[in-house]
1. Show Arg380, Arg394 ordered by accessible area, largest first, where the area counts protein heavy atoms only and the probe is 1.4 Å.
2. Compute the Cα gyration tensor for segment 310-393, then decide on rounded, prolate or oblate, letting a ≥ b ≥ c be the square roots of its eigenvalues: rounded whenever a/c is under 1.5, prolate when a/b is larger than b/c in the other cases, and oblate in all that remain.
3. Only Cα pairs under 8 Å and at least 6 apart count here; give the relative contact order of segment 18-136 as a rounded whole percent.
4. Take Ile354, Ile269, Ile165 and sort them by solvent-accessible surface of the protein heavy atoms, 1.4 Å probe, largest at the top.
5. Return the distance in nm (one decimal) between the two label points of a simple spin-label model at Cys301 and Val321, each offset 7 Å from Cα along Cα→Cβ.
6. Which whole-number percentage describes the relative contact order of the chain, with Cα contacts under 8 Å and a sequence gap of 6 or more?
7. Run the quick spin-label model on Trp36 and Phe174: label points 7 Å from Cα toward the beta carbon, then report their separation in nm to one decimal.
8. With every protein chain in place, what's the accessible area of Met362 (1.4 Å probe, Å², nearest 10)?
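The values are calculated or read from the model by the stated rules, or taken from the named source; none is laboratory data. A quick note: this is a predicted structure, and the numbers were derived from the prediction, not measured. Backbone-built Cβ (ideal geometry, glycine too); neighbour counts: all protein chains shown. Side chains are part of the model used for accessible areas, which takes the heavy atoms of the whole protein and leaves out ligands, DNA and RNA. Shrake-Rupley method; radii C 1.70, N 1.55, O 1.52, S 1.80 Å.
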Amino acid sequence: MGDSKKYISSDELKKHNKSEDLWISIQGKVYNVTDWAKEHPGGDVPLLNLAGQDVTDAFVAFHPGTAWQYLDRFFTGYYLGDFKVSEVSRDFRKLHSEFSKAGMFEKKGHGVIYSLCFVALLLFTCVYGVLCCDGFWIHMFSGGLLGLLWMQVAYLGHDSGHYQIMTTRGFNKFAQILTGNCLTGISIAWWKWTHNAHHISCNSLDYDPDLQHLPMLAVSSKLFHSLTSQFYGRKLTFDSVSRFFVSYQHITYYPVMCVARVNLYLQTILLLFSKRKVPDRAFNIFGIFVFWSWFPLLVSCLPNWNERVLFVLTSFCVCSVQHIQFTLNHFAANVYVGAPKGNDWFEKQTSGTIDITCSSWMDWFFGGLQFQLEHHLFPRLPRCHLRNISPVVRELCKKHNLPYRSLSFFEANVWTLRTLRAAALEARDFSNPIPKNLLWEAVNTHG
């Protein structure tokens, strides 16, 4: 090659794709991150999913500029001989650089302060309604406020997981435990584990945990082949139990969303008491203990069991709007089977996401995540900028002939129900063979 640099090919790089031998390439330089994967703040899953590939776009999207200075200690001395940058990636990196130079990743606005004040108001009103008022409907209204509080707290936890919303990393971690574990009962450690994998492998049926909901839901008939979840490390068995539930999923979709939090509570407990390495396990467990102290105590203050049950159901039903929103962003989008690739970052995000159109005065309600594509492309960008960059992203998609789907909340529901119904009808085709019914697998497959 006419210089003293040492080169390897992409095919040679692909051989280093295991946990005990994990290499990646960034900007054509090859790094050995085998040992670092265990310490990676984003977990080892994103690195394992992209092992043996050039990951420049993903690295740029998820890391601040200060992260580049730490790469040299992992440099193998090799360069990627056939390193190329597509026009789409070139434009994406240019746009990211422009946002960075404009200071947009650091300009977080006052949204966090407003959100914290709103959450405090909701919590005070809810507790006051339960403890100081006797009316049935006031108690149900308080339950609705609690559901709305959980929605707003989840957005804060989401923001704090993607970028620093507080003045220091210590305060940011405190905010994560407070908003996630203490107030919602859902572990921030569980969220990071699953959410980072979701971003990296957006809408991969076997790598993205956000699409692995058997036996209750299946967004594609490809799941009928009992794929192996690379995230959970177990087979997503499509047996007679799964066939039954999936056959009616377009009917049960909304009721399932109303009780979806129960699954999240279960997932949190399974992770925190598993043998997996969990960052800040003790703090996470303490936060969950706080939640399961105050929440049952608050419910017990209601006068009878009918009101207690209805209070919990009301809070779950209101919060289900958020669970529905998250599924609307992805269920009706394109799906694929296989590992994510590092060289089609922009294309995969546009293919696997759907935006929700709404007025600017409703941004608080959707937490900025109605701009799902913009968030997936620039996950570190504070939500206050997502509406402003939407036209730029739309034009970039148009330039490269890539999908930019933005639907009203009603339209997105229609698309999702249509997707679920199509899979349900295919599930009813009994000419499609299924494996032996294993009830244990059906109960224990989770996602």
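1. So, going from the largest accessible area down, we get Arg394, Arg380.
2. Taking the square roots of the gyration eigenvalues as a ≥ b ≥ c, segment 310-393 is oblate.
3. Averaging sequence separation for qualifying contacts and normalising by length gives 25 percent for segment 18-136.
4. Largest accessible area first, the residues go Ile269, Ile165, Ile354.
5. That separation, rounded to one decimal, is 2.4 nm.
6. 21 percent
7. 3.1 nm
8. 40 Å²
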